[in-house]
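*Asks:* One structure is given below, represented as C-alpha cells, and several questions about it will come after.
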Amino acid sequence: MSEIDGMGTERATCWLAPNPSAMTLDGTNTWVIGEPGAEEVVVIDPGPKDGVHLRRVVDGITAQGRRVGLVLLTHGHPDHSAGAVKFAGLAAAAAAAAPGAPGGTRAGTVPVRALDPRHRLGDEGLAEGDVVVTGGVELQVMETPGHSDDSLTFYLPADRAVLTGDTVLGYGTTVLEGGLGDYMSSLDRLRKFSEDVEAVTILPGHGPKLDDPIGALDHYINHRRERLAQVEAAVAAGARTAKEVVARVYADVDKSLWPAAEWSVQSQLDYLNERRP
Ligand SMILES: [Zn+2]
C-alpha cells in the first residue's frame, strides 16, 4: 500500500482507497492534481463511498492550504464514482470553512464532471477534446471506451502523465464491459498518443504507476492479441459459449475472476463474429 499511496508526479498525487479486491487490486487510486503553489486542485475518481477515505483526501488537501475546484471521473463504475457526490459536498464544506474563505450566503459547490450524465453533479459534461484548466493545471480529455462505454483518459501535459482509469491498470489486465474492437482501438490510440507526446508515465486507476508507457501499452496490446488467438483456438476446438471458452482459456487464472472473464470472452466472441465474412 505504501508504494501506491503517495506515489505520483510533480503535480499528481495518489490517495489509495481502502477497497482492495481481485477487481480493484490494491484499491482505487484517487488522484489529486495541482499546479505547485496553486490553491485549487482537481480530484480524479474520489473512489467508493467510504467516508474515511473521502475525508482523508479532503483533509489532506485542506492541510496543504488548498481546496478542490473540480472532480472528474474516469468512468462511472462505483469503485471510482460512488463517493463522488459525498466527496464534492465534503470538499465544498471544507473550502467554506477554511480561513479566508469568502463568507456570506453563497455556499460554494464543487462540480463533478463525467462522460455519463448520470454521474455528473452540475451542468458541465466531459467529452473527447475537452481541455480542463483548474488552478492553472491543464488536463486533456480523451474518450477511450472498452473497459466501459464511458471510459475517459486524461492527459496531464505539464508532467507528460497519462491518467488511464481502468483502461490500463498498474498490473494484471482490465475486464471489458464494452466491445473489444473499441478497446483495441483505444489501446492503439493511447500507444500512438504516448509516442507522439513522449509520455513518461501512466497513472492508472488501480495499482502502481507505469514509467514505461509504450512498453506497458505494447504488453496490453499483445496480451489481447494472444487471448484473441486463444479464444479462436478454443472455438475451433469446440467451445461454443463464453463459459466454455473461459474454462479453456482462463484455466491458469483464479476462478474468482472467471465470471468477470466471461464478459471479456463474450466481447472477444462478438469481435470475432463481427469479423467473420
Ligand atoms: Zn476500477
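*Asks:* For the chain, find the longest principal axis of its Cα atoms and tell me its angle to the long axis of helix 180-197, 0 to 90°, nearest 10.
*Replies:* Its long axis makes an angle of about 60 degrees.
*Asks:* Here is a further query. Could the peptides 61-69, 30-38 be put in order, highest first, of the mean number of other beta-carbon atoms found within 10 Å of their residues?
*Replies:* So the order, starting with the most tightly packed, is 30-38, 61-69.
*Asks:* Can I ask one more? Calculated FRET efficiency, ARG160 and GLU226, Cβ-Cβ r, R0 35 Å, to nearest 0.05?
*Replies:* For ARG160 and GLU226, the calculated efficiency is 0.75.
*Asks:* Let me ask something else. Reachable aspartates and glutamates from LYS86, Cα under 15 Å, same-chain residues fewer than 8 places away excluded?
*Replies:* ASP45, ASP50, ASP59
*Asks:* Quick check: pseudo-label points 7 Å beyond the Cα along Cα→Cβ at GLU138 and ARG118, how many nm apart are they?
*Replies:* The two pseudo-label positions are separated by 3.4 nm.
*Asks:* How high is the relative contact order of the chain, given as a whole-number percent (alpha carbon pairs under 8 Å, six or more residues apart)?
*Replies:* Relative contact order comes out at 13 percent.
*Asks:* Determine the percent antiparallel among the DSSP beta bridges restricted to the range 104-230, to the nearest 5.
*Replies:* Here the share of antiparallel DSSP bridges comes out near 75 percent.
*Asks:* Restricting to the range 12-213, compute how many DSSP beta bridges are antiparallel as a %, nearest 5.
*Replies:* Looking only at bridges with both residues in the range 12-213, the antiparallel portion is about 65 percent.
*Asks:* Quick one: compute the contact order of the range 189-266, relative version, from alpha carbon pairs under 8 angstrom and 6+ residues apart, as a percent.
*Replies:* With pairs under 8 Å counted, the relative contact order is 19 percent.
*Asks:* Report the residue, chosen from ALA92, ALA237, ALA216, that carries the largest GNM mean-square fluctuation when the chain is represented by alpha-carbon nodes joined by springs under 10 Å.
*Replies:* Looking only at ALA92, ALA237, ALA216, the largest GNM fluctuation is found for ALA237.
*Asks:* From the C-alpha gyration tensor of the range 12-213, pull out the three semi-axes of the equivalent ellipsoid (sqrt of 5λ each), sorted largest to smallest, in whole Å.
*Replies:* Over the Cα atoms of the range 12-213, the ellipsoid semi-axes are 27, 17, 16 Å.
*Asks:* Arrange the peptides 197-206, 123-132 so that the one whose residues have, on average, the most other Cβ atoms within 10 Å appears first.
*Replies:* So the order, starting with the most tightly packed, is 197-206, 123-132.
*Asks:* Using Cα-Cα distances under 8 Å and only pairs 6 or more residues apart, what relative contact order does the range 47-193 have, in percent?
*Replies:* 18
*Asks:* I've got another one for you. Residues of the range 168-182 with backbone nitrogen within less than 18 Å of a virtual label 7 Å along the Cα-to-Cβ line of ASP270, please, listed as ranges.
*Replies:* 174-182
*Asks:* Treating the angle as unsigned and between 0 and 90°, give the value, to the nearest 10°, between the Cα long axis of helix 84-97 and the longest Cα principal axis of the chain.
*Replies:* For helix 84-97, the angle is close to 20 degrees.
*Asks:* Mind jotting down the distance between the C-alpha centroids of the range 161-230 and the range 1-80, whole Å?
*Replies:* Using only Cα atoms, the two centres lie 21 Å from each other.
*Asks:* Given a Förster distance of 35 Å, report the FRET efficiency between GLU128 and ASP254 from their Cβ-Cβ distance, rounded to the nearest 0.05.
*Replies:* Efficiency for this residue pair is about 0.50.
*Asks:* Separate question: Apply the Karplus parameterisation 6.51 cos²θ - 1.76 cosθ + 1.60, with θ equal to phi minus 60°, to every residue of the range 217-224 and state each ³J(HN,Hα) to the nearest whole Hz, in sequence, with x for glycine and proline.
*Replies:* For the range 217-224, the Karplus-derived couplings read 5, 4, 4, 5, 5, 5, 4, 5 Hz, x marking Gly and Pro.
Taken together, the values in this text are just the output of simple stated rules run on the coordinates, not laboratory data. Note that this is a predicted model, so its numbers are computed, not measured. We place every Cβ from the backbone using ideal geometry, glycine too, and count neighbours over all the protein chains shown.
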